[in-house]
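One structure, pasted below without further comment.
The values are calculated or read from the model by the stated rules, or taken from the named source; none is laboratory data. Computed from a prediction, not measured in an experiment: that's the story for all the values here. Glycine gets a Cβ as well: all are built from the backbone with ideal geometry, and neighbour counts include every protein chain shown. Side chains are part of the model used for accessible areas, which takes the heavy atoms of the whole protein and leaves out ligands, DNA and RNA. Shrake-Rupley method; radii C 1.70, N 1.55, O 1.52, S 1.80 Å.
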Amino acid sequence: MFSFIQIVTALVLAGIAYWWISWKRNERRLKWIPKVPGHPIFGNVLDFGKTTDTLTILSKYTKSHDGLCMVDLVFRKLVLITDLKLVEFFLTSTKILDKSSEYRFLERWLGDGILIAKAARWRKSRKIITPAFHFGILAQFVSTYESNAEIMVKLLEKEVGKGSVDIYNYVTMCTLDIIYETSMGVKINAQTNKQSEYAFAVKEMCRITVDRSFSALKQSNTLYALTGDYYKESKYVKFLHANTDSVIRARRKALQGSEGQQIDEDLGEKKKLAFLDLLLQSKVDGEPLPDWYIKEEVNTMLFEGHDTTGAAISFALYSLAENPEVQAQAMEEQRTIFGKNRNRPITFDDIHVMKYLELVIKETLRLYPSVPFYGRKSDVDIKYKDGQILPKGTSFLMYIYGIHRDPKIFPDPEKFDPMRFETMHKTSPFIHLPFSAGPRNCIGQKFAVHEMKAVISKVLRNYELLPAFPSHKPLLAAESVLKSANGIKIQVKPRKWD
Ligand code: HEM
């Protein structure tokens, strides 16, 4: 008879052999993709250190390998893509719907929420959530963008006369207030609370996630559990979950006290159903959604819906400050729309006629895409062209930041030139991808653009934006959402409006 130890040893060895055979098989099938030269044992993992180095390294890799290369992270290979045909192939595929393995690092926080959900759950969630972004619903959010932007503009008064202000925190607190109020129906006043624990926890979670993605040791749950980040993550996840639980409880209570399709907001207005209400009232096969399901979707929406727009608006304000001729043109449009009364509330119609501002937003998201890369994987082998195989389980990373700064696609790529998008419709829709494309594109795209227009318009009507003194250049850091490690600094001066 075999002893217990012999059986366990045999199983472990069989597991290793199976892993090794699959690894080698995958390696053979990925031969058509050039490898980034690296260390014989550590592969390319030693190239990655700080999140401020990530974009420089990935850009170097894709530039020197014609937009397609394989990065060796010791126990894991990552295929990095800026090749437009392959990017289009992935994004339009109705078969490759799963996100790559790196997204699992968000799992403790977001569970199986729509952003990281596998295909079956994603289909169900997308169907439930899509109506929350209907035009009619979005129209009623304009006053929330306006009132929160108004608070930010007031808070910025104390920065007038200073050589520089880091606007990132101001803006992110504003977008956090907006996402809470619009989708959860509660005010958290992050802007007026000096320290938002919520925002800090989100920021740390973003950093921890990307740091894990490019680390060899932290791939393993066991080894990761020995690191300081694991304990930090546990603390932040606990806090973020408790926060969402209490919002859901409060909202359910408010909803139970209301009648029919419309509910009384604690904000004192009658409003149609928003995101959380929609989930609370949704039924699948006649059953209401369980609380854990709602919590996962709520956490996802709060994360995706504020950090992305916070970064994008901050980079837009920075770009306007650094490019006075662009700011002048944007101002001309604002004056035409608001005439003599710059303080009248913005309307949904105003948002739709801000055509030049829309170009500014597109150009901002080209140079500073809030999500600089996103990944896919398939659980079956996929045939690409000429018999080339995209093996199951491999992580394919669409490196959007690299595409957006490719001089062959965008001449003079470092130049902030919104007018380049005037002629963009004549070229491929797969070259400007800040919101991704295809079935798993950003569900909040319209919400984001409306919010950006409303907030930027409010700031522009109140302040002239100037470059920071001493001069400042953001040090870009890829932390799930694109950030700047040294802040996003400008000068603000009260705007004359005759
Ligand atoms: C400038 C702002 C924004 C940018 C650049 C952006 C970008 C993106 C990108 C690139 C994706 C696809 C990510 C991937 O494939 O892994 C995505 C997905 C998503 N975004 Fe956004 N986003 C923004 C704002 C928002 C807002 C305001 C919301 C919600 C209110 C939102 C909700 C979502 C959700 C739920 C998904 C997952 C969709 C799915 O998988 O079906 N986003 N976003």
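Could you grab me the full set of residues in region 1-30 that are open to solvent by 70 Å² or more (accessible area, probe 1.4 Å) and either closer than 19 Å to Leu397 by Cβ or β-branched (Val, Ile, Thr) (or both)? Please lay out each step first, then the result.
Just the residues of region 1-30 that are open to solvent by 70 Å² or more (accessible area, probe 1.4 Å), to begin with: 1-2, 4-7, 11-13, 16, 18-21, 24-25, 28.
Matches in region 1-30: Ile5, Ile7, Val12, Ile16, Ile21.
Could you identify the single residue in Val247, Val237, Val210 that is assigned to a helix (DSSP H, G or I) and modelled with pLDDT under 80?
Every option except Val210 fails the conditions.
Of the conditions (1) without any contact (Cβ under 8 Å) to a residue 24 or more places away in the chain; (2) within 30 Å of Asp112 (Cα to Cα); (3) away from the ligand (no atom under 16 Å from the Cβ), Trp292 clears all except one; give me its number.
(1)
In addition: Of the residues Gly375, Gly402, which is among the small types (Gly, Ala, Ser), open to solvent by less than 40 Å² (accessible area, probe 1.4 Å) and more than 12 Å from the ligand (Cβ to nearest atom)?
Exactly one of Gly375, Gly402 is among the small types (Gly, Ala, Ser), open to solvent by less than 40 Å² (accessible area, probe 1.4 Å) and more than 12 Å from the ligand (Cβ to nearest atom), namely Gly402.
Being buried (at least 20 other Cβ atoms within 10 Å of the Cβ) and touching a helix residue (DSSP H, G or I) at 6+ places or on another chain (Cβ under 9 Å) narrows it down to one residue among Glu159, Glu197, Glu150, Glu181; which is it?
On the way: Glu159 fails: buried (at least 20 other Cβ atoms within 10 Å of the Cβ); Glu197 fails: buried (at least 20 other Cβ atoms within 10 Å of the Cβ); Glu150 fails: buried (at least 20 other Cβ atoms within 10 Å of the Cβ).
The match here is Glu181.
Please work out if Thr347 is open to solvent by 10 Å² or more (accessible area, probe 1.4 Å) and among the polar types (S, T, N, Q).
yes
Among the residues of region 424-444, is there at least one that is under 25 Å from Phe135 (Cβ atoms), part of a helix (DSSP H, G or I) and of a type in the set (A, V, I, L, M)?
yes
Is one or more of the residues making up region 433-443 within 30 Å of Asn341 (Cβ to Cβ), in contact with a helix residue (DSSP H, G or I) (Cβ under 7 Å, 6 or more places away or on another chain) and open to solvent by less than 10 Å² (accessible area, probe 1.4 Å)?
Checked region 433-443: no residue is within 30 Å of Asn341 (Cβ to Cβ), in contact with a helix residue (DSSP H, G or I) (Cβ under 7 Å, 6 or more places away or on another chain) and open to solvent by less than 10 Å² (accessible area, probe 1.4 Å).
Okay, next question. State whether the residues of region 461-476 include one that is at pLDDT 95 or above, outside any strand (DSSP E or B), open to solvent by less than 40 Å² (accessible area, probe 1.4 Å) and within 14 Å of the ligand (Cβ to nearest atom).
Scanning region 461-476, I find no residue that is at pLDDT 95 or above, outside any strand (DSSP E or B), open to solvent by less than 40 Å² (accessible area, probe 1.4 Å) and within 14 Å of the ligand (Cβ to nearest atom), so the answer is no.
Right, here's the next one. Restricting to region 378-395, and then to whatever is in a strand (DSSP E or B) and away from the ligand (no atom under 16 Å from the Cβ), can you tell me which residue is least open to solvent (accessible area, probe 1.4 Å)?
Taking region 378-395 as the starting set, the residues that turn out to be in a strand (DSSP E or B) are 382-383, 389-390, 395.
With the extra rule that they be away from the ligand (no atom under 16 Å from the Cβ), the set shrinks to 382-383, 389-390.
Numbers: Ile382: 20, Lys383: 146, Ile389: 38, Leu390: 3 Å².
Among those residues, the one meeting the criterion is Leu390.
Say we look at region 208-232 and pick out the residues that are in contact with a Lys or Arg (Cβ under 8 Å, 6 or more places away or on another chain) and without any contact (Cβ under 8 Å) to a residue 12 or more places away in the chain; which of these is farthest from Leu397 (Cα to Cα)?
Step by step, filter region 208-232, then rank; the result is Thr227.
Still on this structure, please answer the following. Check off (1) hydrophobic (A, V, I, L, M, F, W, C); (2) touching a residue at least 24 places away in the same chain (Cβ under 8 Å); (3) buried (at least 18 other Cβ atoms within 10 Å of the Cβ) for Ala117 and give me the number that stays unchecked.
(2)
Just to be sure I understand the filter: pairs with C-beta atoms under 6 Å, separated by 6 or more residues or on different chains, first member in region 414-437 and free of Cβ contacts under 8 Å to residues at least 24 places away in the same chain and within 16 Å of the ligand (Cβ to nearest atom), second member assigned to a helix (DSSP H, G or I) and open to solvent by 80 Å² or more (accessible area, probe 1.4 Å). Which pairs pass?
none
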